[in-house]
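J.: Here's a structure for you.
The values are calculated or read from the model by the stated rules, or taken from the named source; none is laboratory data. Keep in mind the model is a prediction, meaning the values are calculated, not measured. For neighbour counting, all protein chains shown are included, and Cβ atoms are generated from backbone atoms with ideal geometry for every residue, glycine included.
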Amino acid sequence: MEKAKTFEELIVWQKAHQFVLQVYQFTRSFPSSETFGLSSQLRRAAFSIPANIAEGFNRKTSADRVRFLSFSKGSLEECRYYLILAHDLEYGETTTLCSLLGDVSRLLQSFSSRISDR
């Protein structure tokens, strides 16, 4: 497998970016009272996932790259909770987003393990 030259070539980044786009679509229907609450927090955590993948991509050491992937994992788990909360508050159906988040989680874990093993 050929090494990615840019972070945009990483499947994990592509999936994470798709997740962000879907989160933005999902949160558009939240009540206006959530503009600075759950909507903002979910969006912030969501875009932190691919942003940290991108930021860590060209770091010089494997330890630095893994550290930024760890930040992505933390943001991913934050999103997982916010989706549970949105579901419990009946703000919309979260099944598709949760499934995509699961895909990102598996890819992120695999990518992080590959870097750590080098």
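J.: If you go through the stretch 33-46 one residue at a time, do you hit one that is of a type in the set (Phe, Trp, Tyr) and either modelled with pLDDT of 95 or more or part of a helix (DSSP H, G or I) (or both)?
T.: No: the stretch 33-46 contains no residue that is of a type in the set (Phe, Trp, Tyr) and either modelled with pLDDT of 95 or more or part of a helix (DSSP H, G or I) (or both).
J.: Please determine, by comparing only the residues of the stretch 71-96 that are more than 11 Å from the chain's Cα centre (by Cα), in a helix (DSSP H, G or I) and in contact (Cβ under 8 Å) with a residue 12 or more places away in the chain, which one is nearest to Lys15 (Cα to Cα).
T.: Ranking the qualifying residues of the stretch 71-96, first place goes to Thr96.
J.: Could I ask something else about it? Go over the candidates Leu76, Leu10, Leu89 one by one and state the one that is farther than 16 Å from Ser112 by Cβ and of a type outside the set (Ser, Thr, Tyr).
T.: The unique qualifying residue is Leu89.
J.: Out of all the residues in the stretch 52-65, is one or more over 20 Å from Glu78 (Cα atoms), touching a residue at least 12 places away in the same chain (Cβ under 8 Å), among the hydroxyl-bearing types (Ser, Thr, Tyr) and part of a helix (DSSP H, G or I)?
T.: So far as the stretch 52-65 goes, yes, one or more of its residues are over 20 Å from Glu78 (Cα atoms), touching a residue at least 12 places away in the same chain (Cβ under 8 Å), among the hydroxyl-bearing types (Ser, Thr, Tyr) and part of a helix (DSSP H, G or I).
For every residue, the table says whether it meets (1) loosely packed, with under 15 Cβ neighbours inside 10 Å; (2) not aliphatic (A, V, I, L, M).
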{"residue": "Leu10", "(1), (2)": "no, no"}
{"residue": "Trp13", "(1), (2)": "no, yes"}
{"residue": "Ala16", "(1), (2)": "no, no"}
{"residue": "Phe57", "(1), (2)": "no, yes"}
{"residue": "Asp64", "(1), (2)": "yes, yes"}
{"residue": "Ser72", "(1), (2)": "no, yes"}
{"residue": "His87", "(1), (2)": "no, yes"}
{"residue": "Thr94", "(1), (2)": "no, yes"}
{"residue": "Val104", "(1), (2)": "no, no"}
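J.: Report yes if Leu83 is closer than 18 Å to Ser113 by Cα and surrounded by 14 or more Cβ atoms within 10 Å (Cβ to Cβ), otherwise no.
T.: So Leu83 fails the test.
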